[in-house]
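Undergrad: For reference, the structure I am asking about is given below.
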Amino acid sequence: MGGVRALVIVGVIAVLVAVGYLWMARPRPDPVTASAVSPSLSVTASETSALASAGPSGGSQLVVQVIGKVRRPGVLTLAAGSRVADALNAAGGVRPGADTGALNLARKLMDGEQIAVGIHPPAPPPGQGPAPPGGTTGAPSGASPGAPLDLNTATAEQLDQLPGVGPVLARRIIDYRTQHGPFRSVDQLQEVPGIGARRLTDLKPLLTTPG
């Protein structure tokens, strides 16, 4: 009886030893380290950088001048590829009554060009070619192409088409000329009620008082 019990104990021990050996010999997954995932992260970062640089650079610009019947005439800096409509919007929009039918609003702008709205552009200095394409609308009737308007012979309708001059101010200019005689210089316009220094600056290139 004692021999059987000893054999049972030995068998149990052998089974336990075999189970422990199999447990220790089981396959184990390698631990995930930071170096194992870093290549994947670096690829993602490079892809993100490439997407960010794929957008428009937005660094190119052009400079144009808008004169005439707009709310804020002057020199404007716009993004390259802008069109005539963009220049008019940047100048505050067209004044009421100004006709833009002769302007190609969809045309792309050129650096350095002048856009005249509702008036005839000033004549270029002698020796220079015609002004860059900008288009004009509502040029004063009777005025020679590119020639300043004669302040002493202009009609109220012609004066009405000048930048910042409406029917009321045009009538004041005519009345002043009737009461005081011909203008001796364009600067004399400042004596007309409603014409200040800023408006005179806009008008001077467009008017003349030939002696």
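Undergrad: For residues that are closer than 19 Å to Asp160 by Cβ and of a type outside the set (Ser, Thr, Tyr), tally how many sit in the stretch 177-189.
TA: So the count comes out to 4.
Undergrad: Moving on. What's the total number of residues in the stretch 191-211 that are part of a helix (DSSP H, G or I) and in contact (Cβ under 8 Å) with a residue 40 or more places away in the chain?
TA: 4
Undergrad: Next question. Would you list the helices (runs of 4 or more DSSP H) that sit entirely within the stretch 1-120 and hold 1 or more residues that are outside the structural domain of Gly164 (by TED's automatic domain parsing) and modelled with pLDDT of 90 or more?
TA: Output list reads 84-90.
Undergrad: While we're on this one: Could you run through the stretch 153-207 and say how many residues are in contact with a strand residue (DSSP E or B) (Cβ under 9 Å, 6 or more places away or on another chain) and either among the acidic types (Asp, Glu) or surrounded by 17 or more Cβ atoms within 10 Å (Cβ to Cβ) (or both)?
TA: Total meeting the criteria: 12.
Undergrad: Here's another thing I want to ask about it. Evaluate the following for Ala80: is it surrounded by 13 or more Cβ atoms within 10 Å (Cβ to Cβ) and of a type in the set (A, V, I, L, M, F, W, C)?
TA: Values: surrounded by 13 or more Cβ atoms within 10 Å (Cβ to Cβ): yes; of a type in the set (A, V, I, L, M, F, W, C): yes.
Answer is yes for this residue.
The values are calculated or read from the model by the stated rules, or taken from the named source; none is laboratory data. All figures in this text were calculated on a predicted structure; none of them were measured in a lab. All Cβ positions, glycine included, derive from the backbone under ideal geometry; neighbour counts span all protein chains shown.
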